[in-house]
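Here's the structure we're looking at; comments come further down.
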Amino acid sequence: MAFHWSEASDEAVAPVPAALTEALDAHRVAMRGTYARAPRCIALQGDVGAFNACTVYERRPSPCRELQPAWEHGAPSPQCDRARARHGLAPLRPDDWALPHQDASHIAHAAPAALPTAPENPAA
């Protein structure tokens, strides 16, 4: 999950915290932990498959902004499917995005609870 170093610079509008990144080469950085043998972003808090949240959601890098959960907007996402499989989770299906008033009892296996959400800010 590499991205241009400028996304973590002080000049960026909403910079990724530089302390959470590591240099890959002269032009690219990555979130710490994403290039580990068992990848896990340092900004990810919680347990995958139960509840998790990105601690820098509003300042997340472009690769995180570009990744769309499978079927959230009606299109598949092989990258989402691969990430879920690495954690033993079933791929999302179109009906996983059923509205609350629709019968969604059949989707408990893959409820989109693993999608990143903005962390609560007690100081606000």
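Filter region 23-34 for residues that are outside any loop (DSSP other than H, G, I, E, B), touching a Ser or Thr at 6+ places or on another chain (Cβ under 8 Å) and either closer than 11 Å to ARG60 by Cα or not β-branched (Val, Ile, Thr) (or both) and give the result. Passing the criteria: ALA30, MET31.
Being surrounded by 14 or more Cβ atoms within 10 Å (Cβ to Cβ) and free of Cβ contacts under 8 Å to residues at least 12 places away in the same chain is the filter here; which residues of region 47-58 pass it? Result: no residue meets the conditions. Sub-8 Å Cβ pairs linking a first residue in region 63-84 that is part of a helix (DSSP H, G or I) to a second residue that is among the aromatic types (Phe, Trp, Tyr), at least 6 apart or interchain, are PRO63/PHE3, ordered by first then second residue. If you check PRO61 against the conditions, is it in contact with a strand residue (DSSP E or B) (Cβ under 9 Å, 6 or more places away or on another chain) and either at pLDDT 90 or above or exposed (fewer than 12 other Cβ atoms within 10 Å of the Cβ) (or both)? So PRO61 passes the test. Whenever a residue of region 1-22 is touching a residue at least 40 places away in the same chain (Cβ under 8 Å) and more than 10 Å from PRO61 (Cβ to Cβ), its partners that are not aliphatic (A, V, I, L, M) and not in a loop (DSSP other than H, G, I, E, B), lying with C-beta atoms within less than 8 angstrom and at least six residues away or across chains, give the pairs ALA14/GLU58; ALA14/ARG59; PRO17/ARG59. The number of residues in region 50-62 that are among the polar types (S, T, N, Q) and not in a loop (DSSP other than H, G, I, E, B) comes to 2.
The values are calculated or read from the model by the stated rules, or taken from the named source; none is laboratory data. Here the structure is a predicted model, which means the values were calculated and not measured. Using ideal geometry, Cβ is built from the backbone for each residue, glycine included, and neighbour counts are taken over all protein chains shown.
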